[in-house]
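Colleague: So that we are looking at the same thing, I have put the structure below in structure tokens.
The values are calculated or read from the model by the stated rules, or taken from the named source; none is laboratory data. The model shown is predicted, which means the values in this text are computed figures rather than measured ones. We place every Cβ from the backbone using ideal geometry, glycine too, and count neighbours over all the protein chains shown. Side chains included, ligands, DNA and RNA excluded: accessible areas come from the protein's heavy atoms. Shrake-Rupley method; radii C 1.70, N 1.55, O 1.52, S 1.80 Å.
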Amino acid sequence: MTTRVEATTSYDADENGWFGGPEAGWGGRFMPEALVAALDELTVAWHEAMADPSFVAEFDAILREYAGLPSPLYHAERLSQLVGARILLKREDLNHTGAHKIRNVLGQALLTRRMGKTRVIAETGAGQHGVASATAAAYFGLDCTVYMGTVDTRRQALNVARMHLLGATVVPVDSGSATLKDAINEALRDWVASVDHTAYLFGTAAGPHPFPSMVRDFTRGIGDEARRQCLDRYGVLPDAIAACVGGGSNAIGLFTAFLDDPGVAIFGFEPGGEGVDTPRHAATIHAGDRGVLHGARTFVLQDEDGQTIESHSISAGLDYPGVGPQHAHLATTGRATYLPVTDAEAMDAMALLSRTEGIIPAIESAHAVAGALDVARRLAAERGPDATILINLSGRGDKDMGTAIEYFGLGNPDDVTEEPVG
Amino acid sequence: MTVSTAFAKARADDRAALVGYLPAGFPDVAGGIDALRAMVDAGCDVIEVGLPYSDPVMDGPTIQAAAQQALDRGIRTTDVLRTVEAVAATGTPTVIMTYWNPVEHYGGGRRNGRSGVERFAADLASAGGAGLITPDLTPDSAPEWIAAADRHDLDKIFLVAPSSTDERIAMTTAACRGFVYATAVMGVTGARATTSDLAGPLVARTRATTDLPVGVGLGVSNGDQAATVASYADGVIVGSAFVRALLDHPDDRAAGLRALSALTADLADGVRRG
């Protein structure tokens, strides 16, 4: 089994989707009545599927044979030497389609087929969830429409082409800030009119109940695998684990297996953009406050009147002014620590990992690497070289080469200093 | 006059009530007030003032465009309350239609032990507002709003949809005060060429659970459609068509107001034919 979909933790939501109970009030379902029946139907179908061994076995088989899971846990030795602690990378970048997102979409698409629906819709920021959704739709023979902000279609043109090649319809969204949050709005507008035959493959562990919990269940294999791999190899659990947090699906996927291991420190690294003391960031937990966005109560970047503030991150996949409600719960209970990492720190980490390990990470994942290296240095000072930190390398950086070329000034033939040969 | 009185008065005239919507601050705050007053003068029985919000998931392109214009001009929630005050002063009952977060986060959310919801309810009541329509808040998620509305004697208008189960319709109407908002179609706001065949059965299922008046919204744009809906509902709710009348005259406010008045008169005639 790559994933323990039936397991629970002390930090799960109640039956109405409240993390920490209705008193804490994280999560819930702030949605139009028109969608409540569909969300109820989905909740029932998800519970039944999770309890059905044949569903779980089929999900597991698809993850193994099609998506290439379980992903390896890799000891990054040169990076470890650099910081003086043991750095382990959960290699989700090696998954089919290049990121952890494939776990979520295959789970949701399998559930869609089980529910007898024939069409899926999805929103996407960086395009990774869009590509994953288009892939899962092709795999299961479902129609697929992906909503993507026009700002993002420009910065992620390669992923738009991939979705087209996979047979999906990509609808550019020009309303609002024309980024991920507006793509979600447009997908919800589609869904309210198409809900009888369409499933909404939500791309992150946010949104109305049951999405935060259901997406977590489909991605928690990251942590389940990593925990076992670490124990099998080293006989101990890591001292700390780390992931980047935009909406938070890769993070909750890693964290879940460790939530009830009190000795494991948990770190989420948020996109600090140009700095959390500037208006240009997307560090929702660090700098936002309590509000309701896209159907859940969580931390939101908002103004005095509750209008959503446009977020910024160099990484399209983290550029979201909200965050999954379970992260709000983990942050306020102190179980996990969320810290900002700037664009510049993430890009430095992208270059560092590329050169020390030969792994080009997604800029999203580079946030986790940057933040985790600081934690690793601290841990090394406290506990010596056996201190172990496990980082979720949630995706690969191929899609980000456009940004990297611009940021680092790469690939300009005029900058080639060597004499031609041959 | 209260919302219930306005519906009762229409019923006494053997007709449906006409409920008209425009977002506040469109084309600007003063222009929005003029437009809403023109709708009152030409025959709207109840006014819905929209609170423009950055993430309006239930709205189609027309209302999105108007709300975005209001936001781009920097409208604040206090301007919306000012609009309510000016329209309610005409004596026509005036409610706010809003997504939930601006209510919960009114004035920055909880301050000095008072929640944003409580302060919003207090300020809406002092502005003379009659209540709230909450398109993304269902009664099972609304205990805080229901308590605040009850404290301030405000109407709570929740939505029912064609996809609602009978159990949920009963739960929803039990929490409503003023009227029940029935969404005629599965979809976002916007004018449609034909009225929905889902609305009639929904109204019947709703009436089976409550004596409150039932208003039908989403898609109505002319007097003939209003007459059709008025034949089976207590209220006809129109939004996007009013917004369209103003959007079609971006550079000539007087022409926009004339178009708005003419549309109101056509719809007011429609609800009397139904």
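Colleague: What accessible area, in Å² to the nearest ten, does a 1.4 Å probe give for A:GLU310?
Modeller: 120 Å²
Colleague: Per-residue Cβ counts within 10 Å, from other chains only, averaged over B:54-64: what number is that? If you can, show how the numbers build up before the last one.
Modeller: On the way: counts 15, 16, 4, 13, 8, 3, 2, 2, 0, 0, 4.
Average neighbour count from other chains, rounded to a whole number: 6.
Colleague: With all protein chains present, how much of the accessible area of chain B (probe radius 1.4 Å) comes from carbon and sulfur, to the nearest whole percent? Write out the running numbers ahead of the final one.
Modeller: Working: 4850 of 9580 Å².
Of the solvent-accessible surface of chain B, carbon and sulfur hold 51 percent.
Colleague: Using only the alpha carbon atoms of region A:128-253, find the Kirkwood hydrodynamic radius as the inverse mean reciprocal pair distance, in angstroms to one decimal.
Modeller: Working: mean 1/r = 0.0617 Å⁻¹.
In region A:128-253 this quantity evaluates to 16.2 Å.
Colleague: How much length is gained if the chain between A:ALA51 and A:ASP260 is pulled fully straight, taking 0.36 nm per residue apart and subtracting their Cα-Cα distance, in nm to one decimal?
Modeller: Taking 0.36 nm per residue and subtracting the Cα distance, the gain is 73.0 nm.
Colleague: Counting partner chain Cβ atoms within 10 Å of every residue's Cβ in A:22-33, what's the average?
Modeller: 5
Colleague: Determine the calculated [θ] at 222 nm for chain B from helices alone, applying -39500 (n - 2.57) to every DSSP H run no shorter than 4 residues and normalising by the residue count; nearest 500 deg cm²/dmol. Kindly include the intermediate steps, with their values, before the conclusion.
Modeller: Values: 12 runs with 127 residues, N = 274.
Calculated from helices alone, the mean residue ellipticity at 222 nm is -14000 deg cm²/dmol.
Colleague: Over the residues of region B:170-274, compute the C-alpha Rg and express it relative to 2.2 N^0.38 Å. Display every interim value, and only then the final one.
Modeller: On the way: Rg = 14.7 Å, N = 105, 2.2 N^0.38 = 12.9 Å.
It is 1.14.
Colleague: Need one number: % antiparallel among DSSP beta bridges in the protein assembly as shown, to the nearest 5.
Modeller: On the way: 16 of 78 bridges.
Once the DSSP bridges in the protein assembly as shown are tallied, antiparallel ones form about 20 percent.
Colleague: Now, a different point. Mind checking A:283-292 for the average number of partner chain beta-carbons within 10 Å of each residue's beta-carbon? Kindly include the intermediate steps, with their values, before the conclusion.
Modeller: Values: counts 0, 0, 0, 0, 0, 0, 4, 5, 7, 11.
Mean inter-chain Cβ contacts per residue within 10 Å come to 3.
Colleague: While we're on this one: Hey, got the dipole for region B:3-266? About the Cα centre, +1 on K and R Cβ, -1 on D and E Cβ, debye to the nearest 20? Display every interim value, and only then the final one.
Modeller: Numbers: 21 positive and 31 negative charges, 65 e Å.
Approximately 320 debye in magnitude.
Colleague: Oh, and also: Taking square-rooted eigenvalues a ≥ b ≥ c of the alpha carbon gyration tensor, is chain A rounded, prolate or oblate, where a/c under 1.5 means rounded and, failing that, a/b exceeding b/c means prolate?
Modeller: Numbers: a/c = 1.36, a/b = 1.20, b/c = 1.14.
Rounded.
Colleague: Something else: Nearest 100 Å² is fine: how much accessible area is buried between B and A, summed over both sides, with a 1.4 Å probe?
Modeller: Numbers: alone 10990 and 15830 Å², together 23980 Å².
Answer for the B-A pair: about 2800 Å² buried.
Colleague: Computed over the Cα atoms of region A:362-404, what is the convex hull's projected area averaged over all directions, in nm²?
Modeller: Value for region A:362-404: 3.2 nm².
Colleague: Just check region A:241-352 against the gyration tensor rule for me: Cα atoms, a ≥ b ≥ c as the square roots of the eigenvalues, rounded for a/c under 1.5, and otherwise prolate or oblate depending on whether a/b exceeds b/c.
Modeller: Numbers: a/c = 2.00, a/b = 1.13, b/c = 1.77.
In terms of gyration-tensor shape, oblate.
Colleague: Assuming R0 = 25 Å, can you tell me the calculated FRET efficiency for the pair A:GLU23 and B:ASP153, based on Cβ-Cβ distance, to the nearest 0.05? Numbers along the way, then the final one.
Modeller: Details: r = 27 Å, r/R0 = 1.10.
Here the calculated transfer efficiency is 0.35.
Colleague: In addition: Mind checking which lysines have their C-alpha under 28 Å from A:LYS399, skipping anything on the same chain fewer than 8 residues away?
Modeller: A:LYS90, A:LYS101, A:LYS181
Colleague: Can I ask one more? Just to be sure I understand: of the beta bridges DSSP finds with both ends in region A:254-367, what percent are antiparallel, rounded to 5? Before the final figure, lay out the partial values.
Modeller: Details: 6 of 13 bridges.
Just about 45 percent of them are antiparallel.
Colleague: How large is Rg over Rh for region B:3-266, taking Rg from the Cα atoms and Rh as the Kirkwood inverse mean of 1/r across Cα pairs? Working shown, then result.
Modeller: Numbers: Rg = 17.0 Å, Rh = 18.1 Å.
My calculation of the ratio gives 0.94.
Colleague: With charges set only on the Cβ (+1 for Lys and Arg, -1 for Asp and Glu), what does the dipole of chain A come to about its Cα centre, in debye to the nearest 20?
Modeller: On the way: 33 positive and 55 negative charges, 177 e Å.
With only Lys, Arg, Asp and Glu charged at Cβ, the dipole is about 860 debye.
Colleague: With a Förster radius of 60 Å, plug the Cβ-Cβ distance of A:ASN16 and B:ALA265 into 1/(1 + (r/R0)^6) and report the FRET value to the nearest 0.05.
Modeller: Here the calculated transfer efficiency is 0.80.
Colleague: Quick one: which residues, 5 or more positions from A:LEU293 or on another chain, have an amide H under 5 Å from its amide H? H modelled 1.01 Å from N in the peptide plane, none for Pro or chain starts.
Modeller: Those lying under 5 Å, H to H, from A:LEU293 are A:THR298.
Colleague: Just to be sure I understand: if I project the alpha-carbon convex hull of region B:134-227 onto a plane and average over all orientations, what area do I get in nm²? Numbers along the way, then the final one.
Modeller: Numbers: hull surface 25.0 nm².
Convex hull of Cα atoms, orientation-averaged projection: 6.3 nm².
Colleague: Would you grab the residues whose amide H sits under 5 Å from the one on B:GLY131? Only those 5+ places off in sequence or on another chain, please, with H modelled 1.01 Å from N.
Modeller: Close amide H contacts, sequence-distant or interchain: B:ILE96, B:ASP155.
Colleague: Here's another thing I want to ask about it. Please give every one of the lysines within straight-line cross-link reach of B:LYS156, meaning a C-alpha to C-alpha distance under 25 Å, and leave out same-chain neighbours fewer than 8 residues apart.
Modeller: Straight-line reach from B:LYS156, under 25 Å: B:LYS9.
Colleague: Looking at A:MET401, B:LEU212, B:ALA125, which one has the Cα that reaches farthest to the positive end of the dipole of the protein assembly as shown (charges on Cβ: Lys, Arg +1; Asp, Glu -1)?
Modeller: Value: B:LEU212.
Colleague: Then there is this: Got a number for carbon plus sulfur as a percent of region A:74-132's accessible area, 1.4 Å probe?
Modeller: Details: 730 of 1530 Å².
Of the solvent-accessible surface of region A:74-132, carbon and sulfur hold 48 percent.
Colleague: Can you give me the accessible area per residue for region B:3-266, using a 1.4 Å probe, in Å²?
Modeller: Details: 9010 Å² over 264 residues.
Result: 34 Å² per residue.
Colleague: Another question about this same structure. For chain A, what does the helix formula give at 222 nm: sum of -39500 (n - 2.57) over DSSP H segments with n ≥ 4, over the residue count, nearest 500 deg cm²/dmol? Write out the running numbers ahead of the final one.
Modeller: Numbers: 17 runs with 186 residues, N = 422.
The per-residue figure over chain A is -13500 deg cm²/dmol.
Colleague: While we're on this one: Name the residue farthest towards the positive end of the dipole of chain B from the options B:ASN101, B:ILE237, B:MET58, assuming +1 on Cβ of Lys and Arg, -1 on Cβ of Asp and Glu, about the Cα centre.
Modeller: Looking along the dipole axis, the top candidate is B:ASN101.
Colleague: Quick check: convex hull over the Cα atoms of region A:297-406, volume per residue in Å³, rounded to an integer?
Modeller: Details: hull volume 14.6 nm³, N = 110.
It is 133 Å³ per residue.
Colleague: Follow-up. Excluding ligands and nucleic acids, what accessible area in Å² is computed for A:LEU158 using a 1.4 Å probe, to the nearest 10?
Modeller: A:LEU158 exposes around 100 Å² with every protein chain in place.
Colleague: Describe numerically, in nm with one decimal, the distance between label points set 7 Å from Cα along Cα→Cβ at A:ASP232 and at A:ALA351.
Modeller: Once both label points are built, they end up 3.8 nm from each other.
Colleague: Normalised by the number of residues in region B:3-266, what is the relative contact order in percent for Cα pairs under 8 Å and 6+ residues apart?
Modeller: 21 percent
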